[in-house]
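Working notes, beginning with the structure itself.
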Amino acid sequence: MVLQHPAPPATAAPPTPSPLTRRDVLRTTLRSPVTLRFVVTRVLAGIVAVWGAVSIVFLMIMATGNPAQVMASEEATQEEIDRIARLYGFDRPIFVQYLLFLRNLVTGEFPNSLYTDEPAFSVVLARVPATLLLSVTGVALGSVVGLLVGYWCATSRFRLARVVPMKLLMVLQSTPSFLLGLLLILFFAVTWKLLPTSGMGSWKNLVMPAVTLAAYVAPAVARLFRSTIREMEVEEHVATATAKGLRPRTVRRRHIAVNALGPVIALIGMQVGGILGGAVITEQVFAWPGVGQLLVNAVNTRDFPVALAGVILICVGFVVASLVVDLVVAIINPRSRA
Amino acid sequence: MEPLLQISGLEIDIPTRRGTVHAVRGLDLDIARGEIVGLVGESGSGKSMTAMAVVGLLPPAARITAGTISLGGRSIIDARHQDLQQVRRHDVGVVFQAPMKALNPRMMVGTQLREALLRAERPNLRAAMVRSLELLDAVGINRPMERLRQYPHELSGGLAQRVVIALALARHPRLLIADEPTTALDVSVQAQILDLLDHLRSTLDLAVLLVSHDLDVIRDRADRVNVINLGRIVERGPTLDVIDRPQHEYTQSLVAAMPSLARRRDLALVGLHRPSGAAAADGAGAGGTGDAPVADLDDGRPVDTPVDQDLVPIAEAIDVHKAFALPGGRLPWRPAHRRTAVEGVSVSIRPGESLGIVGESGSGKTTLARMLVGLAEPDSGEIRFDGRPVTALDREARTTWRRDVQFVFQDSTSALDPRRTVADSIGEPMLAAGVPATERHRRVVELLGEVGLAEHFGERRPRQLSGGQRQRVGIARALALDPRLIVADEPVSALDVSVQATVLNLLNRLRRRRNVAYAIISHDLGVISYLCTTVVVMYQGKVVDAGPVEQVLTEPSHDYTRMLLAAVPGARGRVAVPEVI
Amino acid sequence: MSAGSSLKLALAAEGGSPEAARPGRTRARRPWGAMIAGAVFLIIVLGTVLAPLIAPYEPNQQNLRDMLEPPSGTHWFGTDVLGYDIFTRVLHGGGPPLLVGVSAVLVAMIIGVIAGIAAGSRGGWLDNLLGRIADIQMSIPGLILALLVLVLFGTNLQNVIIVIAIESWPLHFRVVRSHVQSVSQHTYVEASRLAGMGWRRTMIRHIAPSALPLLAVTGTVNFAGAVLTEASLSYLGMGVQPPTADWGVMISDGQTQLGAAWWISVFPGSALLALLLSTQVIGDYLADRFSVASD
């Protein structure tokens, strides 16, 4: 038998005599996730961060004592070095040098690569798509796996199912990217010959690098998601949601899991730096032709213009990624939108 | 009349590492439609546990070991069926204690309301919205359209509690469980929310279980009352009978311990001891054993010698202003908002005086207190000590000021370093003043005795103490350097009624014995009228009313004071409380 | 965001236990995992320190007749292309990572703690400035910063230590700063001020004791990170230079021979993994334990 629900009280007359327009409905259901102030603040902070990073790079070049020599190739004659020094103003006062450095960055007038003689920034930019493909796939894969495992371990009713995946992830978390990469190559490429060892081409080439990168992301995500879910479970608004009569599964998903996403996304944001570092290593292990591999080669061959351009571009990428993460966090956590 | 909710023989156990806690032991209770039934008790009495058992929201560790709960004649929960069957949740709405925490911070009010509706009532967004607006209107929320798109943190406490009530009503419940629904709210808002519950009860023919620690709230609102202690109902009956003529000794002592406007101020409060081993350690000397309530009797009455107005005030605030910066406007470089906390307030405390500073949250009373002791500096105006501005004090005079004016904090948990022993905390001011160790030890023992704690308490850490004991330690620390003025910020608001009584008694006794002046900050007019000789009423950063306690509380000169007095529970037959949303 | 959750995030981002801030969890069982991890850690440290005494061969002793030998009784872990004994080099190869780990963490901690206390207790412009510097510095990914510094100033162990220390001070800074701030919110700190205690004495009495456990946690987390960075740099050819024995270099050396001689990479890799894993388990245990005590 199902209890009869009493009819809505007759006394409560509909409060709005005018019918609701479509606009009313939309206006009350949708609301801009971020305020203008929030976006402006974050973009400004991002610009400051890029400026700071560039300045640090400048300071380090200066700290070597002879910036013109750094920018020239090792076999460069004194005349060539002097030419570079004049071109970039390294013979001027340091403040002027700094302004010239910033101007050259903005206009893209950076020294050419010492080897290919192409503009350094275009050399680096040509590698960006490969790195983007790898990092986006890796982070997406790692986040999805991490979230699923975290959710599973937080809510499973079986002790073993809660504990074992976490322990496995802990081992994974401690495994350096290059070691994991080598093991993958040893088994999947060398022993079983399922996947190609290196390079870029078909989707098969992407599998091992993406998994390696994902293995860096997934453990932290899973562990944080699990512990946040378990903290959220005891919050009072969850009791309200249960008392409202929602099904336990709905409560778990809409009121616990989604709320627990905020810290996890913030974590991914804080890890962007580590992820980019991991990408550098991963690209090296699998000879993936991205910015990271270029950077390592440039560093090893002392091709400074390219190395500097790469570093600066990675910093910009880092700042942009952090900005995106901030915006996503704001969507999930209205209180952080101030 | 057939009761709607019937609880019989309910027993709830919570297994812990140190053995099983019997939270509820054989409890019977029933409620009929259209009736408000009060469940009153102190913290740990099992009142919330009982309420949550009805809606299947017990903490995971708790088990129902015996008894049944039935709704509309059908058993819904017993020892074999721990959880409420889903369909029954539609018949019960729940109102929680802290409205801000009870709403999901991530979702707009409209979304949360929509979720709560029955499926049949939300075939599409528009229908859901119509129904949501209806609900918000029913709980007296103005501008409901705007509220739908607001997030919980954008609402005031009172509004948030109305939203929670709207959620509870969404599925046409027949029973409403209100667990301390107004404890987190200001007095005036409390009255409005209670009025709303009353109104809903009569218009919707709801049965309401009103759980509270506050006898006055229950006295005003409940038709019948159940007094719960240690998991058992010790007394029940029509409200006025029980509270005005209590039969059971627990109820008697509970009633006697309430500082209340209804009671004359010169009645000494009677502290009571809870008749359980662990909880009984709260009183003086931690002696109370057995079931009999041991009266922590005051041997005298608060003295009311008129304060000599010619004396130089110990502390004085003259036309002080204080504002705080808040995050600013639409763009980051726009100047920040400033919220005025205190606006042109002047107060003074003379030797022998006990000044009450009363007001609701946001009235600026705590900021004023912090300025008086030097924890905050006024933006303009000045604080004086012994007639001299504190900014002009030389090093030596500053030390005297620090020594003579002491502070007692509201939250005794936060006021004591968890890593340090009680003796260490009490001795800290003496250590700073350079008192030698042996002398310090002697004084600490003395102070412990003075606040009614045995000497061995000195070795304990704060977490081994109860709330009342911690507050005593805080008071002992304030007394360590023989101050002439003690400023106390809500000294008893975090404590249970019975413990509250012992601390209030202690404060009164100390004032008489040591001739120390007080500035007591409180939202509770009962506390003020018990402890203070003069009072200032603060509202939105300004003093709106001031004078001797009797005068202000009996013939208030300002509308706000009248409203405050009318809103205090226990003052039934009052003037209508103006709606302020 | 509350202080607790930012600490949790900072630790989680650095690979520490995200459960750190979870209050009220009591553990009654013996921490077997942490004890085993401690033993493993100790064995690695002892093996490295005593390597000259216990290693069967010289680390740089070429033996071209025995090159690419698989593991056997004479060469437990096999030999590499130049006939180096892998077991010997695994023992010696722990030196650089451990040295870098310990020194970099010490330097980073000193910078981070001083800056954190200053920012947390003074607030205002100093807090803003230090926080900004930490933010900007974090916007250069650690490994990238290291590559840049090493290529500009030369690849030697000292530079590796400095660059890792610079890269990781913000971890300690943030944790200490938010700890000082959250403790300062407790009114017992105000009470201490009202009691007439000076700023420094309040710090020593009330704030420092509760910060030490946190530093044990950040130190452990930082140590694991430093070892990993050192190994990564060596793997990329930017850290320790051959022929000095080092795990990262050995793993890189073996990569080309992976099909023919897996042992060249796998044994030093396992040693590195054992060190990192045991450090992490110890760090998690410390975080778990002290969060209970500090609440």
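Derivation of every value follows stated rules applied to the coordinates shown; laboratory data play no part. Note that the structure is predicted; figures quoted are calculated from it, not measured. Here the Cβ positions follow ideal geometry from the backbone for every residue, glycine too, while neighbour counts run over all protein chains shown.
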- Magnitude of the Cβ-charge dipole (Lys and Arg +1, Asp and Glu -1) of the range A:130-289 about the Cα centre, nearest 20 debye, reported as 700 debye
- Query: Summing Lys, Arg as +1 and Asp, Glu as -1, what charge do residues with Cβ under 12 Å from the Cβ of residue A:259 carry, residue A:259 excluded?
  - Reply: +2
- Query: So for the range A:130-289, taking the charge dipole from beta-carbon charges (+1 Lys/Arg, -1 Asp/Glu), which of A:171, A:241, A:288 sits furthest toward the positive end?
  - Reply: A:241
- Task: Collect residues whose amide H, placed 1.01 Å from N in the peptide plane, falls under 5 Å from the amide H of residue B:341; neighbours closer than 5 in sequence don't count.
- Result: B:322, B:323, B:324
- Which of these, C:91, C:228, C:42, has the largest mean-square fluctuation under a Gaussian network model of chain C (Cα springs below 10 Å)? C:42
- Note on the structure: Along the dipole axis of the protein assembly as shown (charges at Cβ: +1 for Lys and Arg, -1 for Asp and Glu; origin at the Cα centre), the most positive-end residue among B:32, A:192, A:56 is B:32
- Query: Measuring from label point to label point, each 7 Å out along Cα→Cβ, what is the residue B:309 to residue C:129 span in nm?
  - Reply: 5.4 nm
- Item | Alpha-carbon spread of the protein assembly as shown, three principal axes, descending order, Å | 104, 81, 65
- Task: Please give, to one decimal in nm, the separation of the simple spin-label points placed at residue A:148 and residue C:257, each 7 Å out from Cα toward the Cβ.
- Result: 3.9 nm
- Query: If the cut-off is 26 Å between C-alpha atoms, which lysines fall inside it for residue A:167, apart from same-chain ones fewer than 8 positions away?
  - Reply: C:8
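At most 16 other Cβ atoms within 10 Å and a DSSP loop assignment: could you name the chymotrypsin sites (Phe, Trp or Tyr not before Pro) in the range A:190-239 that fit?
A:192
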- Can you give the FRET efficiency for residue A:51 and residue B:515, using 1/(1 + (r/R0)^6), R0 = 56 Å, r = Cβ-Cβ distance, to the nearest 0.05? 0.30
- Round to the nearest 10 and give me the degree value, 0 to 90, for the angle of helix B:395-404's Cα axis relative to the longest principal axis of chain B. 50 degrees
- Pairwise label distance in nanometres, residue C:110 with residue B:361, each label 7 Å out on the Cα-Cβ vector: 4.8 nm
- Please give the helix B:467-479 orientation as an angle from the longest Cα principal axis of chain B, in degrees from 0 to 90, rounded to the nearest 10. 20 degrees
- Query: How large is ³J(HN,Hα) for each residue in the range B:29-37, as worked out from phi by the Karplus curve 6.51 cos²θ - 1.76 cosθ + 1.60 (θ = phi - 60°), to whole Hz, x for Gly and Pro?
  - Reply: 6, 9, 9, 9, 5, x, 10, 9, 10
- Query: Which residues does a label at residue B:559 reach in the range B:357-372, if reach means a backbone N under 18 Å from a point 7 Å past the Cα toward the Cβ?
  - Reply: B:360
- Sequence of A:256, C:166, B:520 once ranked by neighbouring C-beta atoms within 10 Å, starting from the fewest: C:166, A:256, B:520
- Query: Taking only Cα atoms, what is the 0 to 90° angle, nearest 10, from helix B:125-138's long axis to the longest principal axis of chain B?
  - Reply: 50 degrees
- Task: Hydropathy first: keep DSSP H helices in chain A averaging at least 1.6 on Kyte-Doolittle, then drop any whose Cα extent along the axis falls short of 27 Å, and list what survives.
- Result: A:36-63, A:120-155, A:304-332
- Message: As a footprinting exposure proxy, order A:147, B:355 by other Cβ within 10 Å, with the fewest listed first.
- Response: A:147, B:355
- Work out the charge dipole of the range A:130-289 with +1 on the Cβ of Lys and Arg and -1 on the Cβ of Asp and Glu about the Cα centre, then indicate which of A:181, A:255, A:136 is farthest towards its positive end. A:255
- Note on the structure: Length-normalised contact order of chain B, Cα under 8 Å, at least 6 apart, in percent, tallies to 14 percent
- For the range B:102-201, what is the convex hull (Cα atoms) projected area averaged across all directions, in square nanometres? 6.1 nm²
- Amide H neighbours of residue B:232 under 5 Å, at least 5 residues apart or on other chains, H built in the peptide plane: list them. B:25
- Item | Using alpha carbons only: equivalent-ellipsoid semi-axes of chain A, gyration tensor based, whole Å | 50, 30, 16
- Message: Can you compute the FRET efficiency between residue A:249 and residue A:79 using 1/(1 + (r/R0)^6), with r the Cβ-Cβ distance and R0 = 60 Å? Round to the nearest 0.05.
- Response: 0.20
- Message: Restricting to DSSP loop positions (anything but H, G, I, E, B) with no more than 14 other Cβ atoms inside 10 Å of their own Cβ, which chymotrypsin sites (Phe, Trp or Tyr not before Pro) remain in the range A:31-99?
- Response: none
- Using the Cα gyration tensor of the range B:393-441, with a ≥ b ≥ c the square roots of its eigenvalues, what is the shape: rounded (a/c below 1.5), prolate (a/b larger than b/c) or oblate (neither)? oblate
- Message: Show me the helices of chain C, taken as full DSSP H stretches, that run 27 Å or more along their long axis by Cα and average 0.0 or above in Kyte-Doolittle hydropathy.
- Response: C:95-122, C:157-185, C:208-235, C:263-294
- Can you pull out the GluC sites (Glu not before Pro) in the range B:427-498 that DSSP calls coil and that have at most 11 other Cβ atoms within 10 Å? none
- Query: When Rg is the radius of gyration of the Cα atoms in the range A:130-289 and Rh is its Kirkwood radius, what does Rg/Rh come to?
  - Reply: 1.07
- Item | FRET efficiency estimate (nearest 0.05) - Cβ-Cβ, residue A:103 to residue B:156, R0 51 angstrom | 0.45
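In debye, nearest 20, what is the charge dipole magnitude of the protein assembly as shown about its Cα centre with +1 on Lys and Arg Cβ and -1 on Asp and Glu Cβ, if you could check?
That gives the protein assembly as shown a dipole magnitude of about 2060 debye.
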- So which aspartates and glutamates pass the test for residue B:101, namely a Cα distance under 20 Å, with those fewer than 8 places away in the same chain ruled out? A:231, A:233, A:235, A:236, B:115, B:154, B:179, B:180, B:186, B:411
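Considering every pair of different Cα atoms, what Kirkwood radius, in Å, is found for chain B?
The answer is 25.8 Å.
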- Note on the structure: The size of the Cβ-based charge dipole (Lys, Arg +1; Asp, Glu -1) of the range B:363-500 about the Cα centre, to the nearest 20 debye, is 240 debye
- Which of the lysines could be linked to residue A:193 by a straight reach, that is with a Cα gap under 21 Å, when you skip same-chain ones fewer than 8 residues away? A:204
- Assertion target for C:30, A:223, A:86, ordered by fewest C-beta neighbours within 10 angstrom first, is C:30, A:86, A:223
